[in-house]
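Participant: First, the structure itself, so that you have it in front of you.
The values are calculated or read from the model by the stated rules, or taken from the named source; none is laboratory data. All figures in this text were calculated on a predicted structure; none of them were measured in a lab. FYI the Cβ positions are ideal-geometry reconstructions off the backbone, even for glycines, and counts take in every protein chain you see.
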Ligand SMILES: NC(=O)c1ccc[n+]([C@@H]2O[C@H](COP(=O)([O-])OP(=O)(O)OC[C@H]3O[C@@H](n4cnc5c(N)ncnc54)[C@H](O)[C@@H]3O)[C@@H](O)[C@H]2O)c1
């Protein structure tokens, strides 16, 4: 090949780098995965929409505690599926031959639904946060091990190419030894009450911002640095906004129902000599509670926060390094992925179920995420730093 040909290939290679990342997969549709939906509220819609795009899924059943809710939910989709009044009623019906369930219930019932399904030999896609307490997370891990089934936690930002890039940068060694991480995020006004109070009452949510959006920011950085074990935590939480009737001009009565945190902060020591400085807000008198920063001995990475924190990257990241005595800043362009992250979360779960491969977002990692959340709550209530002890599971 002449020089011109080689030049052309080089130019094509360079142009290729600017293309959107496209993933094409061939799915074997001959074996259908029989799916049940537990909890037919807000997020169940996203699950069903994504399942309907998959050629190898049959949604055969659904359950909700509220009478008629599951039926009305599927009426909107123009679908007829068998409906039940609880997860147990549905999972007890062996005629359904369920392969998998999506647990789309509020946080307080995550553990009982996931454990019940695993004990019935059914694979589980469990919405985030994993659950409310560390004890529940341990019980889920035990049930998983006994069942040998797949359970994956619903963190769709994991599927984002930009999130993968953060991990790649850390793993490339460009940061050297990571010793300090600042993470979290916040919303000026963003307590999630568009569909009622299930995010703010203790009996349904159990935890507030710390679990809802805090779990995302913890996952972003912990996944990047290989999920080191948390050792100690000094945590703080407050509820200055959610408890104000004027926060909800149309529903001042919500203020009395607000029983969780709307802000949390913590200083966490991780195995391997890393410290993690964390803060998260559903509401605050500030635009952002700060960017995510990963500091290392050879370089540092700044990941801009977003206005309405939901686990995504807010803009170009910057890599700070010292090159031959010169302080440099490298911009890492945003990568436009192909397709929805939610569809990818559903697909990766189905692939794990069908191929018997490991969970895309495994509980072996997310138990540490939950341990930090649990530690923040306990330390905040105790008013001092505490040790995090994770029982063998
Ligand atoms: N991944 C995401 O992007 C995302 C977005 C929103 C919410 N979520 C998570 O999804 C979960 C649900 O949130 P939501 O907004 O859909 O809540 P929701 O309150 O709208 O719906 C939950 C439903 O679960 C039902 N339910 C509770 N326990 C049940 C049980 N044992 N059996 C059958 N039904 C039961 C309730 O009756 C309710 O209808 C939360 O944990 C939340 O953190 C994830």
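Participant: Filter segment 324-340 down to the residues that are out of contact with any helix residue (DSSP H, G or I) (no Cβ under 6 Å at 6 or more places or on another chain) and not in a loop (DSSP other than H, G, I, E, B) and list them by number.
Facilitator: Answer for segment 324-340, where residues must be out of contact with any helix residue (DSSP H, G or I) (no Cβ under 6 Å at 6 or more places or on another chain) and not in a loop (DSSP other than H, G, I, E, B): 326, 327, 328, 329, 330, 331, 332.
Participant: Quick one: would you say residue 243 is within 14 Å of the ligand (Cβ to nearest atom) and either surrounded by fewer than 18 Cβ atoms within 10 Å (Cβ to Cβ) or assigned to a loop (DSSP other than H, G, I, E, B) (or both)?
Facilitator: Numbers: within 14 Å of the ligand (Cβ to nearest atom): no; either surrounded by fewer than 18 Cβ atoms within 10 Å (Cβ to Cβ) or assigned to a loop (DSSP other than H, G, I, E, B) (or both): yes.
No, not satisfied.
Participant: Can I ask one more? Out of (1) more than 21 Å from residue 277 (Cα to Cα); (2) more than 11 Å from the ligand (Cβ to nearest atom); (3) touching a helix residue (DSSP H, G or I) at 6+ places or on another chain (Cβ under 7 Å), what's the single condition that is false for residue 173?
Facilitator: Here residue 173 clears every test but (3).
Participant: Another question, then. Inside segment 280-291, can you point out the residues that are at pLDDT 95 or above and either buried (at least 19 other Cβ atoms within 10 Å of the Cβ) or closer than 16 Å to residue 215 by Cα (or both)? Walk me through it before giving the result.
Facilitator: Initially, segment 280-291 is screened for residues at pLDDT 95 or above, giving 280-285.
The answer is 280, 281, 282, 283, 284.
Participant: Next question, about the same structure. Condition first: touching a helix residue (DSSP H, G or I) at 6+ places or on another chain (Cβ under 6 Å) and in a helix (DSSP H, G or I). Now tell me which residues in segment 353-371 satisfy that.
Facilitator: Just the residues of segment 353-371 that are touching a helix residue (DSSP H, G or I) at 6+ places or on another chain (Cβ under 6 Å), to begin with: 359-361, 363, 367, 369-371.
Result: 363, 367, 369, 370, 371.
Participant: Looking at segment 208-221, is at least one residue in contact with a strand residue (DSSP E or B) (Cβ under 9 Å, 6 or more places away or on another chain) and away from the ligand (no atom under 16 Å from the Cβ)?
Facilitator: yes
Participant: Residue by residue through segment 248-280, note down the ones that are touching a helix residue (DSSP H, G or I) at 6+ places or on another chain (Cβ under 6 Å) and more than 19 Å from residue 378 (Cβ to Cβ).
Facilitator: Correct list: 248, 252, 255.
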